Structures are given as structure tokens and as C-alpha cells.
1. For the stretch 349-502, what does the convex hull of the Cα positions come to per residue, in cubic angstrom?
2. For the pairs K42/K209; K127/K356; K127/K236; K347/K578, flag any whose C-alpha to C-alpha distance is greater than 21 Å.
3. Using Cβ contacts closer than 10 Å as the measure, can you line up W300, W657 from fewest to most?
4. Ordered by packing density, taken as the mean number of other Cβ atoms within 10 Å over each peptide's residues, highest first, how do 508-518, 449-459 rank?
5. Assuming 0.36 nm per residue, please report the length gained on full extension of the stretch A265 to M233 beyond their Cα-Cα distance.
6. If packing is taken as the mean number of other Cβ atoms within 10 Å per residue, what is the order of 197-210, 39-52, highest first?
7. Which value in deg cm²/dmol, rounded to the nearest 500, describes the helix-derived mean residue ellipticity at 222 nm for the chain, given -39,500 (n - 2.57) per DSSP H run of n ≥ 4 and division by the residue count?
8. Of all beta bridges DSSP finds with both residues in the chain, what is the antiparallel percent, to the nearest 5?
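Taken together, the values in this text are just the output of simple stated rules run on the coordinates, not laboratory data. On a predicted model such as this, the values are computed, not experimentally measured, just so you know. Counting neighbours? That spans all protein chains shown, and the Cβs are built from the backbone with ideal geometry, glycine included.
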Amino acid sequence: MENFRIELDADGIAVVTFDVPGRSMNTLTNSVIAEFPALLAKLRDDDAIKGVVFRSGKVGSFCAGADLGDLLEHAGTRMMPPPVSAQLRELELLGKPVAIALEGLTLGGGLELAMACHYRVAANSPKVVFGLPEVTIGLLPGGGGTQRLARLVGVEKALPLLLEGKPVPAPRAAELGIVDELAAEGEVLAAAKRWIIGGGSATARWDVKGYKIPGGTPYTPANMQAFMMAAAMLRKTTYGNFPAAENILKCVFEGIQLPIEMGLAIETRYFIKTFATPQARAMIRSLFVSRQALAKGGQWAGKAEAPKKVGVIGAGMMGAGIAYVQAARKIETVLLDVDQAAAEKGKGYSRQLVEKAAKRGRMTESAGNDLLDRITPSADYAQLRDVDLVVEAVFEDFELKHKVIRQVEEQLPATALFGSNTSTLPISSLAEASAQADNFIGIHFFSPVDRMDLVEIIRGTKTSEDAVARAVAYAVAIGKTPIVVNDSRGFYTSRCFGTYIYEGLEMLVEGITPALIENAGRMTSMPRGPLEISDDVANDLLLRVIDQTKAALGDAYEIRPFVPVIRSLVEAGRLGRKSGAGFYEYPGDGRKQLWSGLSDLAPVAKGEAALPDVEWLKTRLLHRQALEAARCFHEGVIEDPRAADVGAIMGWGFAAWTGGPLSYIDGLGTARFVAECDELAAKLGPRFAVPDALRAMAAQGDGYYQKRSKAAA
Ligand code: NAI
């Protein structure tokens, strides 16, 4: 066998080491699943084997779950995925006691395998985690996870684990009853063997007549309430946009009162149904497979070395955050600002984050000190003489940035890369100040830098491919996921994200009730409504971008009727959340409510015009963003559909159930999307005009991922 090693000890215990060759972490690959029947036969038929202990051959993990790369082959189709559930049931019915020794991450199918064993021992460490994260990629645990977890810990405790998909550390897993015994690190295998030698039972507890599920049957008042609360939470988080969570709930509700065999059959039925949905396919692809490929550097992986020393210019909100993530990934950092005090203040931000991490037990004191030692705050540009890269994050001011570029380049080694974190200024025009435009690039971070994992890398007209590869290597080295885009106003993310806000504002000036607009946004599964986002971004910033765009483009840019509304808000000091007032009132304590004075600024329609069908509003919000992403693709702003999709979900929270804007178009079908945009354009104007290249794709039956025509393939 390739993936499992069996060693028989003197007590007749077969220690099965799970170790997928060539991987740093085990997953349930097609090859693993194909080997399972032979493994089971050997364990069952060899009379010398009295008991079995599973363990991992990998350091720090047992198994990360299903192999999503392999699963993607079948997802969204009617093809059956491999029959893991039945095989795990066979393991449970082996007729010999089976224990498992867990010393690291145990997720998804890994935890399902563990729950099919009769006894679970885990290392007593918060680093060892357990979870069923399937729901987060549009799937449900199909290897018995919904049935065994609910039987093991009870309905009330199982539902949040299944529906939120968040992992729990070993000590908590033991409290919940997922783990039977905690052992010291290094003692886990011995403890598992001890259980077998001590007469461990070969029968799963739910196969013993009279087994009582913790918390009782679904019909206890507490359990009924748990189901009701879970259903309410689901409505709020998924709005029926993807079926995984709902189907998980149904599996538990329908399966828990039946014998396990029937529960497993019910789960398999829902698994296949969920797995066949286009949402599952799109989510697996974008949230996992594409994202992982991009996080390794995509087509630029391994093409350049990561920098060892980096200068960050401007120690404000962004610069301070960038310095922290670099230092956390062992990059020597010079943090420069106009004077020493400002630079020190920027370093102070890292100190705060280190203290917070230490308090939560996520960083040791010495690791925190090392991190801080790597940041040199300074006001002296001469400190940049030996850096490999400079990331510029001074105020968003064209003249200032030009001055800083010249000043920095006086010190910088000729080979060093210059990256600007500008959020709005075209990279090619900033590069005009540079004596080395081929080494000049945009490296656009998102705020807060330590929590937002996307980095948008912007290639100017003169940027070399080597510079792109080096910027990608830098982003990968600091643990971010880079997407590479070509220079465009607003680049890719801000340009598309803006359309969500603008479409909401268009609705506002049509007289549509603001609360309905906000609900429509949330019902698409965007994190917030468009008006609230406008407040979060800041209404004055939005207005400045609009005015700058008008100044740059002149007649080619139409000032829409909503612009005076924003201008009035800004003139009234209602700048958004930062000023405590905008489209919303923010009375404190995290509360907010839509501002009643809006009706004086924007027209208020009557009857149906004020309250149109919410489905129509949802379509407008999603189609508008997806159309802009498609335009970016066809104009060459973004060349890789995977980057367009991953960048949308990670960068501006585009509805994850779609798999991203281009997956969304594919999911509807390009022909249907084009027809619906044509209808919207006829009613609402050219902002819904479809690019010719997309119309041609639709005519051929092609999508961004699925190609039908020979020419496109
Ligand atoms: P900020 O106002 O917090 O910080 C700017 C810093 O630059 C200040 O500490 C200032 O003293 C310093 N500075 C000004 N002139 C300097 C000079 N000649 N030499 C060295 N330091 C100088 O601004 P923030 O928010 O950090 O933004 C910085 C850049 O990042 C801007 O270009 C902005 O557009 C961009 N950005 C901002 C995002 C955000 O969410 N705030 C997101 C992505 C990009």
C-alpha cells in the first residue's frame, strides 16, 4: 500500500501510519480512498491483528480532510464522489477495537475517519485542532460527520460546529466529547494502545442497544430550540443562496432519531444533492483550489527570490501594518517617516499587536521580541541603501509621491524594486518620477493589513516581468495571496467594488426605500449593504475619487444623479462611520440606524416604485459587479479568471457562494447573463452594456471556465 504502513507489535496491535507520499499533509485523495478496501480487508482478515491504532506519518497533522483538488473533478456534476461513508462504516464494524492517536490538525474527512474509530486519544495541546469545515466551501460532511458528531456530543453542541465549520482545540474537543482521552505530547500512541490492551470495545457506542445521545432526542425542548435557532441563523447568513448549511441541518434533524445506518444513508443522499450544485463546484474551485494556487504565486511561483530587507516609507495606518506582517515573516524592515517620533509611533502599532497575540497565547515573548527587533524606525533615507524592496505608503498625494520616489531612489541600490501602495493613482503615471520604471510596480494592500490576506499587484506599462515575479515572491513570503493586474483606474478591486456602492446609490435616487436597498445587498450575501459600505469607505473619499475621475476623463465620464447626494452629505459633515454620521447614524455602542434626513436629500418614490421586488434589486447589485469584473477581464486589466474570482471574494467580500463574479456569470450561463444585462441596459442605461467579447462568448456557449467552442478551447 502506498498511503498506509502497517506494523504489528508484540501485543497484536496493528499500528497503521497514514502517510500520503510527497505531501506535507495527508488528505483523502482518490488514491487513499481506492486503497481503503484493501486496508480494511487486511485488518479484518489477519488473525494476528487483535486491535488497530491509526496515527499520522506527518508532523503536526493527522489529515486535512477530503482532497479538494480531486473532489473538484466531480463537483457540480451528477457523478458520484468516491464512497468514503460506506468504507468508514466498514471500519466501524471491523469486529476489532480501533483507536486513533491524534497529534495534529484533524479536519473534515480526517475527523470523520477519527469518529469512525472506537476511541480517540489526542495530544493535550491547543495546537491540535478538530473541525468539520465543509460548510465553508459549500459542502456537507459526507463521511458520516453529521451523524457521528451529533451522536457523540449531542444535537445542541454539534450544530454550531457543523454549521459554522470553525475548528476547536484538543482540550475543548475533549470537553465536548469529541476526544475520549487527552495525553501528553509523545504519549498519545501509548495511550491508544493501553486502551486496546485494557479491553477496549470493538462496538461503536451508538451500535450498543440503549445508547443515549447526550442531550437526548431531537424532541427535547433544548434541542428543538437549538434547531430553531440554527435555522434562524442560517436565514440570516445564507439567505438561501447556497444549500449546504440547510442540508446539514436536515441531515441531523432527519437522521438523529434513526439507527445510524439509516442516518448515514440520509446523509449520503443530501451529500450527493449538495455536491451536485453549481455553488459547491464554484466554491471549492475559488475558495480552495484557485486560492491555494495563487497563494503559492500562481504562474510566477518560484520565478524570483523573496526580499530579505524591505524599506517601508510612511509609518501611518498602512505602513505600520505592512511593517508588522513583514517582520512577523522574518523580513528585516526599515520603517521611515518624516521624523523619528512618527516612525516610532508606527512601530508602536506592531508592539500593540505583539502584546495582544501574547495575551491570547498565540505568540511567545521571545518571538514577539524578535519580531520587534526586526523593525528599525527611522527618518533617515540613507537607511535604504541595502534594501531589496521599498514599499511606499505616504499620503495619497501625487506630488508628494513623486517627490518621495525621487528621494528614495537617490539611496536605493539600482537592483531594488519600488512598490507603491497607492489605492487610486495610476501606477504608470507615478512611475514617470522613477529613473527605473521597469522596477516600479503597485503593491496594493488592504486594511487592516494584518487581517486582509489579499495583495493586488499592479503592473505599469513599463514594469518588467522580473519585477512582477519579485513582487509576487514578496507577497507570498509575507503570507498574502497576490493577484496580478494591469494598470487601470481603480485597478481591479476598487473599480469593481465601486460599482456595488454606485448601484446602491442609483437605487437611492430612484426613490427606492433605503432599508430595502440595504437588505437587498445583504440578501446577496455581501457582508454589508451598499450605503453602509459607502459610510465605511468614507463618503468624502468616494466624492474625491469621483471628482478626480471627472477631472481626468472630462466628457467621457458622466456625473450621475446620485453625486449631489453624496456632496450634500459631505458638506453637512456626514463623512461616514469615521465622523459618527453618514447614510447612517452611529449613536455609539456599535449601534446604527439609517438616517431619517435622507428623504430630504434624495427623492422618495411612492408605492411600488419605492418598494420594488427585492429579487430585481439583488440582480442589479450582483450583475453590475460581475459585469465590471468581466469588462476588466476583456480589457486585459485582469488576465486570469481565478485571480478575478479570488480577488473579488477576498478583496471586497463579493458573495462567496457564487465562487466570484466570473464564476457567477458561468453559473447563470453566459447567454442568460447577457440577456439579463441587455434587459437591465434597456431600462437603466449603458452601465449595463455588455462587452462585445462577452456577447461573442455567450453566442458560442462558452464561459470563463467552461469552453464549448473549439476556437475558445
Ligand atoms: P496615513 O495618513 O495613515 O499615513 C501616511 C504616513 O505617511 C504618515 O505617517 C505621514 O507622516 C507619512 N509621510 C508623509 N510624507 C512622508 C514623507 N515624505 N516621507 C515619509 N513619510 C511620509 O495614510 P494611510 O491610510 O496609511 O495610507 C497610505 C497610503 O496607502 C496611501 O497612498 C493610501 O491611498 C494607501 N492605501 C490606504 C488604504 C486604507 O485603507 N487606508 C488601503 C490601501 C492603500
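1. Convex hull of Cα atoms, per residue: 130 Å³.
2. In this structure, K42/K209; K127/K236; K347/K578 lie more than 21 Å apart at Cα.
3. By the 10 Å Cβ count, ascending, the order reads W300, W657.
4. Top of the packing list down: 449-459, 508-518.
5. Difference between extended and current length: 8.9 nm.
6. Answer by packing, highest mean first, reads 39-52, 197-210.
7. Estimated from H runs of four or more residues: -14000 deg cm²/dmol.
8. The antiparallel fraction comes to roughly 30 percent.
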